[in-house]
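Values in this text are rule-based calculations from the coordinates and carry no lab data. Keep in mind it's a predicted model, so treat the numbers as computed, not measured. Here the Cβ positions follow ideal geometry from the backbone for every residue, glycine too, while neighbour counts run over all protein chains shown.
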Amino acid sequence: MVGWNLIDRGAQALWSGRLAAGIASGLLCAAGPVLGADAPIAAPAPVLVEVPPSSWSFQFTPYGWLASVKGNQTVRGRTVEVNETFLDIVMASHAGMTTSEFEKITVDWLATARDPRFKRPYTELVYQPMLELLAYLRANGFKNFIVSGGGIEFMRPWTERIYGVPSEQVIGSSIKTRFEMRDGRPILFRLPEINFIDDKAGKPVGINEHIGRRPIAAFGNSDGDLEMLQWTTMGGGVRFGLIVHHTDAEREYAYDRESHFGRLDMALDAAAVNNWTVVDMKRDWKRVFSFQ
């Protein structure tokens with residue numbers, strides 16, 4: 001397995017215990033700013049939402065452009081008054097369509113979009129060690145879940161193909177939907193209202209609502225995963241927590257305590273207190289992406 005020698009000994013207690021539930025968090029693909037016209041953007045992946053058209057001006061941080069984008073802007077052919085709030089962008093770009101229409105937009109975008117730095121499809125920017133970890137867990141009787149702050153309906157169309165995690169094992173943020181009959185056919189219509197935010201303290205809530213069991217292993221890479229790691233590892237019995245520290249600016253990105261996105265500060269301190277394994281990406285991963 002690429003780069004996972006660091007955790008083999010600590011994880012062995014989990015495998016020998018024949019425990020059936022495992023969990024993987026949202027540290028599965030590249031976590032830098034991804035910019036493009038009418039496309040989703042990856043914060044600590046797969047936290048993905050639509051970005052503004054490339055003609056908009058913004059700073060080089062994933063959410064920095066929200067501070068500079070104001071006034072009337074065109075989003076998916078509609079004129080929208082944009083403030084500093086992130087939710088304005090999400091509501092304007094993700095609602096007002098059926099779930100089937102949204103899925104098609106997602107699939108079509110993934111088929112053509114390329115990362116501006118790596119010049120590759122976003123589905124190729126998945127961490128090779130995480131793919132190997134997921135495969136290792138499955139081979140040893142674990143059931144893996146993706147728990148992400150990103151949109152659940154954005155992730156579900158492609159997680160099984162890329163990660164081997166079926167759609168029913170994806171937990172994420174969501175907007176409200178409404179059942180309607182249109183021309184004699186049932187549809188689900190996406191509304192411009194937040195339903196659930198699966199981030200920080202919301203992650204244990206989402207896990208409990210979707211799974212109904214406390215995980216025994218959790219993997220994170222930011223302060224957004226802190227509560228999930230606490231919920232998982234402080235439940236008694238044999239448990240395992242791991243944090244990936246993004247330290248490789250050459251092969252991926254380097255960021256932690258002072259970052260405007262994917263900040264890793266409180267969780268890094270908690271790792272030392274709670275004896276969680278910390279993986280240094282630059283030091284411990286032989287490869288980050290499969291193409292390297």
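Within segment 230-241, is there a residue that is at positive phi and among the small types (Gly, Ala, Ser)? Within segment 230-241, one or more residues are at positive phi and among the small types (Gly, Ala, Ser).
Of all residue pairs spaced 6 or more apart or on separate chains, none has beta-carbon atoms under 7 Å together with a first member in segment 97-121 that is closer than 30 Å to PRO186 by Cβ and a second member that is exposed (fewer than 13 other Cβ atoms within 10 Å of the Cβ). Restricting attention to segment 234-292, the residues that are farther than 17 Å from GLY220 by Cα and of a type in the set (Ser, Thr, Tyr) total 1.
Being of a type in the set (Asp, Glu), free of Cβ contacts under 8 Å to residues at least 12 places away in the same chain and within 15 Å of LEU226 (Cβ to Cβ) is the filter here; which residues of segment 242-292 pass it? Answer for segment 242-292, where residues must be of a type in the set (Asp, Glu), free of Cβ contacts under 8 Å to residues at least 12 places away in the same chain and within 15 Å of LEU226 (Cβ to Cβ): just ASP269. Scanning segment 122-141 for residues that are buried (at least 22 other Cβ atoms within 10 Å of the Cβ) and in a loop (DSSP other than H, G, I, E, B) yields a single hit, LEU125.
Residues that are among the basic types (Lys, Arg) and touching a residue at least 24 places away in the same chain (Cβ under 8 Å) within segment 162-195 comprise just one, ARG190. In segment 227-236, of all residues being outside any loop (DSSP other than H, G, I, E, B) and without any contact (Cβ under 8 Å) to a residue 40 or more places away in the chain, the one that is farthest from ASP115 (Cα to Cα) corresponds to TRP231.
Scanning segment 224-235 for any residue that is of a type outside the set (Asp, Glu) and either touching an Asp or Glu at 6+ places or on another chain (Cβ under 9 Å) or under 20 Å from ALA92 (Cα atoms) (or both) turns up at least one such residue.
Restricting attention to segment 205-226, the residues that are in a helix (DSSP H, G or I) and crowded, with 19+ Cβ neighbours inside 10 Å total 6. Please verify whether ARG287 is closer than 22 Å to VAL126 by Cα, surrounded by fewer than 23 Cβ atoms within 10 Å (Cβ to Cβ), among the basic types (Lys, Arg) and within 17 Å of the chain's Cα centre (by Cα), treating the condition exactly as stated. So ARG287 fails the test. Of all residues in segment 237-281, those that are surrounded by 16 or more Cβ atoms within 10 Å (Cβ to Cβ) and part of a helix (DSSP H, G or I) total 5.
Failed condition for ASP183, given (1) out of contact with any strand residue (DSSP E or B) (no Cβ under 6 Å at 6 or more places or on another chain); (2) buried (at least 18 other Cβ atoms within 10 Å of the Cβ), with all others met? Just one mismatch for ASP183, condition (2). PRO157 falls short on exactly one of the conditions (1) without any contact (Cβ under 8 Å) to a residue 60 or more places away in the chain; (2) outside any helix (DSSP H, G or I); (3) in contact with a strand residue (DSSP E or B) (Cβ under 9 Å, 6 or more places away or on another chain), and that condition is (3).
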